[in-house]
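The block underneath contains the structure these notes are about, expressed in structure tokens.
The values are calculated or read from the model by the stated rules, or taken from the named source; none is laboratory data. Keep in mind that this is a model prediction, so the values were computed, not measured. Using ideal geometry, Cβ is built from the backbone for each residue, glycine included, and neighbour counts are taken over all protein chains shown. Accessible surface areas use protein heavy atoms only, side chains included; no ligands, DNA or RNA. Shrake-Rupley method; radii C 1.70, N 1.55, O 1.52, S 1.80 Å.
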Amino acid sequence: MIGYFGPAGTFTHQALRTVSGGDATPYATVAGVLDAVRSGEVEEGIVPIENSVEGGVTATLDNLAVGGDPLLIVREVLLPVSFVLAVRPGYELADVQRIITHPHAHAQTRDWVRKHAPQATVTEGGSTAAAAAEVADPASRFDGAICAQVAAELYDLDCAARDIADNPDAVTRFVMVRRPGSLPAPTGADKTTLVAYMYADHSGALLDILEQFAMRGVNLTRIESRPTKKAFGEYCFSIDAEGHIGEPRLRGTLKGLHRICRDVTFLGSYPRADQVRPKIARGFTAEEYEAAEVWMDGLLGRTASERR
């Protein structure tokens, strides 16, 4: 059983449908999904973590960092943010006078509505899925909903227009989480997520953390500062890095962070959804790390088994 940030018809629901057709349970909040995974109510949960326009989803980042028992990210899903204008059967774009949608959806489609449906007024309401449900009611005063394709399908609505987002390249990233256990095997195109906590706020504290990555040739794909919620001005850093903890350069990075940070929360190593392989500079490949260990074994007069 999988839990997802609902209700049915949301973009999270649409992301889930791209990777699983099994039983799924919607939850009203991100915290509700993650707590259900922690308690064993569901085996896995899928939640949004990042948007290419809005940045990190703080509810997810903070709950994974300090929300309770640890969880591991085992998969990511990238979903283009593609809105439709859903209408009751028989309606066309020119017939739409009153539109309802979520405030974020309105913000991302405002220019399109102004250009292509200038006759319509837009009301902001609950979720995009709830907007579709409202329009599906024949007695509704609204005749259009800006929502995800899955919501239009769920409520048997037609699409008067598709791909109406002002930014056609907008993408939302979702992650699948489980309780701690075995990690996905390295694929060569992986990502590692972690949270690093400074010992204290001082000049160069962030630089100290970043140097652990830079000195081992590890590229970051995301870094965000988040309050620890323990004291004013106290922050941690939520980080995505290229690579898998099974690789020597990533293991070395995490060991280095563990030495210099007050705490490090490991949130998983998992395949990248875009399957992009990192460009590893000379001196940082697994083979070069192993060659260096063999050389050191020779200097110390030990065998590889003694090293381990």
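I want to confirm something. Restricting to region 221-243 and keeping residues that are touching a Lys or Arg at 6+ places or on another chain (Cβ under 9 Å) and aliphatic (A, V, I, L, M), which single residue is surrounded by the most Cβ atoms within 10 Å (Cβ to Cβ)? For region 221-243, the residue satisfying everything is ALA241. So which residues in region 8-49 are farther than 16 Å from VAL77 by Cβ, touching a helix residue (DSSP H, G or I) at 6+ places or on another chain (Cβ under 7 Å) and in a loop (DSSP other than H, G, I, E, B), if there are any at all? Matches in region 8-49: ALA8, GLY9, VAL42. If the condition is being farther than 19 Å from GLN149 by Cα and either at pLDDT below 95 or open to solvent by less than 30 Å² (accessible area, probe 1.4 Å) (or both), then region 70-110 contributes PRO70, LEU71, LEU72, ILE73, VAL74, GLU76, ALA94, ASP95. From the list VAL84, VAL135, the lone residue that is assigned to a helix (DSSP H, G or I) and touching a residue at least 24 places away in the same chain (Cβ under 8 Å) is VAL135. Filtering region 187-206 to residues that are open to solvent by 50 Å² or more (accessible area, probe 1.4 Å) and modelled with pLDDT of 95 or more leaves only THR187.
When region 248-289 is filtered for residues that are touching an Asp or Glu at 6+ places or on another chain (Cβ under 8 Å) and buried (at least 18 other Cβ atoms within 10 Å of the Cβ), the ones remaining, listed by number, are PRO248, SER269, TYR270, PRO271, ARG272, ALA273, PRO278.
Among the residues of region 147-159, are any among the hydrophobic types (A, V, I, L, M, F, W, C), more than 18 Å from the chain's Cα centre (by Cα), within 20 Å of ASP274 (Cβ to Cβ) and open to solvent by 10 Å² or more (accessible area, probe 1.4 Å)? Among the residues of region 147-159, not one is among the hydrophobic types (A, V, I, L, M, F, W, C), more than 18 Å from the chain's Cα centre (by Cα), within 20 Å of ASP274 (Cβ to Cβ) and open to solvent by 10 Å² or more (accessible area, probe 1.4 Å), which makes the answer no.
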